[in-house]
1. Search the stretch 227-252 for residues that are free of Cβ contacts under 8 Å to residues at least 12 places away in the same chain and pair each with any residue that is among the hydroxyl-bearing types (Ser, Thr, Tyr) and open to solvent by 30 Å² or more (accessible area, probe 1.4 Å) when their beta-carbon atoms are under 9 Å apart and the residues are at least 6 apart or on different chains.
2. Just the residues that are open to solvent by 40 Å² or more (accessible area, probe 1.4 Å), touching a strand residue (DSSP E or B) at 6+ places or on another chain (Cβ under 6 Å), of a type outside the set (D, E, K, R) and modelled with pLDDT of 85 or more, please, taken from the stretch 61-115.
3. Considering only residues that are at pLDDT 70 or above and open to solvent by less than 50 Å² (accessible area, probe 1.4 Å), which ones fall in the stretch 131-145?
Amino acid sequence: MSRWRAVYAGFIAGFVLVALYANAAVRDSIRIKVLDSETHSTTIDDSGVPKNCDQVNFDAYCHNSKSVLLTNTLTVQEGNHPPFRVNCTIDSKWSRCIPLPKGESFDAKKEKRGILIYYVDDKGKARSQLYTLAPGETKAYDLAAAAPPAPAPHPATPAANSPSVTPVGPSSSAPPPQLPQRNSSEKVRCRFVSTPTGAEISIDDKYVGNTPSEIDLSVGAHVVVFSMQGFTQWRRELTVMSGSELTVRAQFCRKNKE
């Protein structure tokens, strides 16, 4: 019975260690996006060393003239940090180096020589592969590993003992808000309709037509007045903004008979 208890205790301890390792991996993990994925083949050059390639004497150098290496190069980016390139090499049929798809995102972990990327293979099995830094990518990788920028400081508040300055005279009153200035060079098409139709339209004290009408107005503030016999005058202040599309609709009310 004590033997089974020892086995059970060992199992629990191992499970706890695996859980702690997984939790640490999650804390240290980053999220990267594959911006580009390329595969290149490289044939190993002949070094000129004499080779024992006959059937009696055969050594590892005989493979050099036949071996072709495949290198998968990824351009990856973590958040808004500068992108950098990493790669891995397929040097045997057991290699797990694969060209990850462009545009996909993966969990990864920063290592001293590159990043360890976690992915799921075509058989649905969870895998991980170390992709080392490509030549010349150390600076971009260091920038990506840097701490995020500190938040912008809040505007400084005046010290309690600092003297306050109070404007004196008419300038102490705040100026009234200014309406957008008219720009005669830019016009905006505005549609004017009313219920009932046929009302007279006046813009800035000038008669411009009857409803319904489409009229080009300059950018800025205008005063629109709709008038119709037997109905209460309809008056509004209209601000025309650049690039806008406006429809001014008036609903008339009949005048009270005295």
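1. Going by the 9 Å Cβ cut-off, the qualifying pairs are Gln233/Ser227.
2. Gln77, Pro83, Thr89, Ser105
3. Hits for the stretch 131-145 are Tyr131, Thr132, Leu133, Ala134, Glu137, Tyr141.
The values are calculated or read from the model by the stated rules, or taken from the named source; none is laboratory data. If you're wondering where the values come from, they're calculated on a predicted model, not measured in any experiment. Heads up, the Cβs are rebuilt from the backbone with ideal geometry, glycines too, and the neighbour counts pull from every protein chain shown. Just the protein is used for accessible areas: all its heavy atoms, side chains included, with ligands, DNA and RNA removed. Shrake-Rupley method; radii C 1.70, N 1.55, O 1.52, S 1.80 Å.
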